[in-house]
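The values are calculated or read from the model by the stated rules, or taken from the named source; none is laboratory data. Just so we're clear, the structure is a prediction, and the values are computed from it rather than from any experiment. Note that each Cβ is placed from the backbone with ideal geometry, even for glycine, and that neighbours are counted across all protein chains shown.
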Amino acid sequence: MVQLIGIVAILLVAVLPAAVQPGLHLLVVEAAIAVTCAGGLLLPSLGLAVTGAIAALLAFSATLVIAPSASAIPQAVAMGTGLLVLLDLTYFRQRLAGSDVGAGVVLGHLANLAISVLLSVGAAALLIGVAVTMPVDLDPMVRPVMAAAGVILVLAALLRALTLARRQASGTGADSGQDGS
Amino acid sequence: MTFRPTALAYVFSVVLAWIVCLAVALDRVELLFVALPLVVAFLRAPGPARAEVSEVGLALEPGAGVEGDDLGVTVTALVPGTGGPVEILPVLPPLLAPLGAGRATVLARPGAAQVSWHGRLRCRASGTADRATVFFRIWDRAGFWVGESRFEPPASLVITPRVEAIRFLPRPRRTGAPFGIHLSRKLGDGTDFAEIRPFTTGDRVKRINWPVSLRMNRLYVNRFHTESSAEIVLLVDSFTNIGRRPNSSLDHTLRAAGSLAVSYLRQHDRVGLIEFGGWVRWTRAAAGPAQCGTILRSLARVSVSPAGFLQDLTILSETVLPGHALIIAISPLVDERFVRTVERLAGQGRDVILLAIRGDVLSEDLISRRAASPLVRRLWSLEREDGLRALRGYGVRAVNWSPALPVEAALQAVRRPGRVRGAEWYN
């Protein structure tokens, strides 16, 4: 079941650029992306899956640039969902490779993933609704600056979270050689 | 236990960074919506937790295992609740192999609870182990954080070598205590007829042979061979081990020694054991079913060590190495110290049988192609035969044993005691 859902996500990720800007020239690119992502999922190899995901992202970005100025927000949310499912399931298969998996592990993980997908779709709908009801017009010169500031904030927050976690891990040290009580 | 970010957390960070950079560079807000599911998944992750695995226990099926048998093992632990699955990885000693498909087991666990894992293991080779190592790995619900712990719960494990029945055992030259199955030259009460002689004072009336007495007009009595038991000492070479377990020279040595011990004990003989190698350990000769278990457990504890503290076994006391005992030495004949010891024992007039394991057969998979050429193997074989011939000159009943054949086939050549040099009389 995990592989089946992963393949559906790969198809979504590979086909969406063509959904934005249909064209025969994209077929080769989509095929390469699909093969790379499928290799990452089936081996399983997280590096290969990330490579395929970033290639898909670049292809999608290129089609957004080439495409006319129509909005492609539903396609973007679908692309994000596909990337989430692909990367998550690849890592899930990788960490369970060679192990006996007990009952409920796979279903529990898929249920958690489904909740994340539903919440993200809901969050997208909420954002779109807010954007429609409260349009905020920004000067075109200010928009990149605002976006850049937002990017810096997001990256700084991510970096801080990871640094804190690593400091916690190295400061207290992993437990080792404990005798069972 | 401290949680650390997993590879998935780093991957998500990289992909998010790509998305955000592309969104800013291309000025397309749709790309930020691509990042939305990844951000939602990140925000749903509970974050690093501080939790401890406790009350770790490991239980093995009671009783000693036998080589080739299956053994049940149960691991229990109290695991904290983080929402994600827990992975249990028992690190097994080389004696054991898991019977399931995977080395580790992943169990779902909704909250803080006791987890229990039961698995079956195959006993690959004989030996002992007194401690096991168990790793626990716990993930959070989203798979972004993982914590690991290691425990070493005590576990007492003894795996005895596999034994097979030997029907025709080598006969000793000398026997000792009464109540056995070996015929002695001494005459007295027994079941095997020996001779008829004239009746003398003290003879029992029920031994009178009436047909002969009536014919000869004089009383004659039947005489029988007495039956006595033998004393066997198994001498095991633990200087070297050729090949890979569970098919190494030491494994074949232990199985052969175990089979001989069980078979001799079954016919009420007294059996002892001496492990001669880096360490010299012995089990005094005794009879009975309890001695069978003692010897098998002693064989399970045999381990190879090249350092030798005791070079001469002849200094051992009479109770450990009786003069009249049949000594059965089992060795691949690689270490000179063992060969010299066998020579000394035979030189003292002791009854010695040597079962020489063919190490060249066991090392076929491990040596280089040049060393495995037929010419080299033939030279080894000739060298070995020469060594065995020299030992036979000392009076040792030596035989070459290829491990592919059962040990009984090799013992057929040395079943009967040969002639001894000098005037030695049986008791």
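Just one of B:Gly81, B:Gly102 is at pLDDT below 80, over 30 Å from the mean Cα position of the chain (by Cα) and within 30 Å of B:Ala9 (Cα to Cα); which is it? If you could, list the steps in order and put the result at the bottom.
Details: B:Gly102 fails: over 30 Å from the mean Cα position of the chain (by Cα).
Only one candidate passes the filter, namely B:Gly81.
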Take the range B:285-315 and flag every residue that is among the hydroxyl-bearing types (Ser, Thr, Tyr), outside any helix (DSSP H, G or I) and over 20 Å from the mean Cα position of the chain (by Cα).
none
What about B:Leu38, is it crowded, with 17+ Cβ neighbours inside 10 Å, at the interface with another protein chain (Cβ under 9 Å from one of its Cβ atoms) and modelled with pLDDT of 80 or more?
yes
Filtering the range B:105-135 down to residues that are at pLDDT below 80 and in contact with an Asp or Glu (Cβ under 9 Å, 6 or more places away or on another chain), which residue is nearest to B:Val163 (Cα to Cα)?
B:Arg131
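Kindly establish whether B:Ala142 is surrounded by fewer than 16 Cβ atoms within 10 Å (Cβ to Cβ), in contact (Cβ under 8 Å) with a residue 24 or more places away in the chain and over 17 Å from B:Leu60 (Cα atoms). It would help to see each step written out before you state the result.
Numbers: surrounded by fewer than 16 Cβ atoms within 10 Å (Cβ to Cβ): no; in contact (Cβ under 8 Å) with a residue 24 or more places away in the chain: yes; over 17 Å from B:Leu60 (Cα atoms): yes.
No; evaluated as a whole, the condition is false for this residue.
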Kindly evaluate A:Ala56 against the criterion of being of a type in the set (A, V, I, L, M), closer than 16 Å to A:Ala72 by Cβ, within 13 Å of chain B (Cβ to nearest Cβ) and in contact with a Cys (Cβ under 8 Å, 6 or more places away or on another chain).
yes
Return yes when A:Ala76 is touching a residue at least 24 places away in the same chain (Cβ under 8 Å), within 9 Å of another protein chain (Cβ to nearest Cβ), crowded, with 20+ Cβ neighbours inside 10 Å and under 15 Å from A:Leu12 (Cα atoms) and no when it is not.
no
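Quickly run through the range B:127-136 and pick out the residues that are closer than 18 Å to B:Leu107 by Cβ and surrounded by fewer than 21 Cβ atoms within 10 Å (Cβ to Cβ). Even if it seems obvious, please write down each step before you answer.
Here is the first cut: in the range B:127-136, the residues closer than 18 Å to B:Leu107 by Cβ are B:134-136.
Scanning the range B:127-136 gives a single hit, B:Phe135.
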Of the conditions (1) farther than 20 Å from B:Arg44 by Cβ; (2) at the interface with chain B (Cβ under 8 Å from one of its Cβ atoms); (3) at pLDDT 70 or above, the single one that A:Ser181 does not satisfy is (3)
May I ask you to list pairs of residues, at least six apart or on different chains, whose Cβ atoms are under 8 Å apart, with the first in the range A:110-132 being at the interface with chain B (Cβ under 7 Å from one of its Cβ atoms) and touching a residue at least 40 places away in the same chain (Cβ under 8 Å) and the second being part of a helix (DSSP H, G or I) and among the small types (Gly, Ala, Ser)?
A:Ser120/A:Gly80; A:Ser120/B:Ala41
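Rundown of residues vs (1) in contact with a helix residue (DSSP H, G or I) (Cβ under 6 Å, 6 or more places away or on another chain); (2) aliphatic (A, V, I, L, M), yes/no style:
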| position | (1), (2) |
| --- | --- |
| B:Tyr220 | yes, no |
| B:His268 | no, no |
| B:Val271 | yes, yes |
| B:Ala325 | no, yes |
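Would you check if there is a residue in the range A:27-40 being charged (D, E, K, R), surrounded by fewer than 22 Cβ atoms within 10 Å (Cβ to Cβ) and either within 11 Å of another protein chain (Cβ to nearest Cβ) or not in a helix (DSSP H, G or I) (or both)?
Here is the first cut: in the range A:27-40, the residues charged (D, E, K, R) are A:30.
Cutting the leftovers down to surrounded by fewer than 22 Cβ atoms within 10 Å (Cβ to Cβ) gives us A:30.
So of that shortlist, the ones also either within 11 Å of another protein chain (Cβ to nearest Cβ) or not in a helix (DSSP H, G or I) (or both) come out as none.
Within the range A:27-40, not a single residue is charged (D, E, K, R), surrounded by fewer than 22 Cβ atoms within 10 Å (Cβ to Cβ) and either within 11 Å of another protein chain (Cβ to nearest Cβ) or not in a helix (DSSP H, G or I) (or both).
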Would you mention how many residues in the range B:134-146 are more than 8 Å from chain A (Cβ to nearest Cβ) and either within 11 Å of B:Ala9 (Cβ to Cβ) or out of contact with any Gly (no Cβ under 6 Å at 6 or more places or on another chain) (or both)?
6
Report, by residue number, each residue of the range B:145-162 that is within 37 Å of the chain's Cα centre (by Cα), more than 13 Å from B:Ile88 (Cα to Cα) and either among the basic types (Lys, Arg) or crowded, with 21+ Cβ neighbours inside 10 Å (or both).
B:Leu157, B:Ile159, B:Thr160, B:Pro161, B:Arg162
Of the residues in the range B:254-292, those that are in contact (Cβ under 8 Å) with a residue 24 or more places away in the chain and either closer than 18 Å to B:Ile357 by Cβ or of a type in the set (Gly, Ala, Ser) (or both) number 18
Kindly indicate the residue of the range B:259-284 that is at pLDDT 90 or above, in a strand (DSSP E or B) and aliphatic (A, V, I, L, M) and also surrounded by the most Cβ atoms within 10 Å (Cβ to Cβ) among those meeting that condition.
B:Val271
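Out of all the residues in the range B:224-241, is one or more loosely packed, with under 15 Cβ neighbours inside 10 Å, over 26 Å from B:Val399 (Cβ atoms), outside the structural domain of B:Ala325 (by TED's automatic domain parsing) and free of Cβ contacts under 8 Å to residues at least 40 places away in the same chain?
no
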Of everything in the range B:386-404, what is without any contact (Cβ under 8 Å) to a residue 24 or more places away in the chain and of a type in the set (Lys, Arg)? Give them in sequence order.
B:Arg389, B:Arg392
Could you say whether any residue in the range B:233-255 is among the β-branched types (Val, Ile, Thr), touching a Gly at 6+ places or on another chain (Cβ under 9 Å) and either at pLDDT 90 or above or part of a strand (DSSP E or B) (or both)?
yes
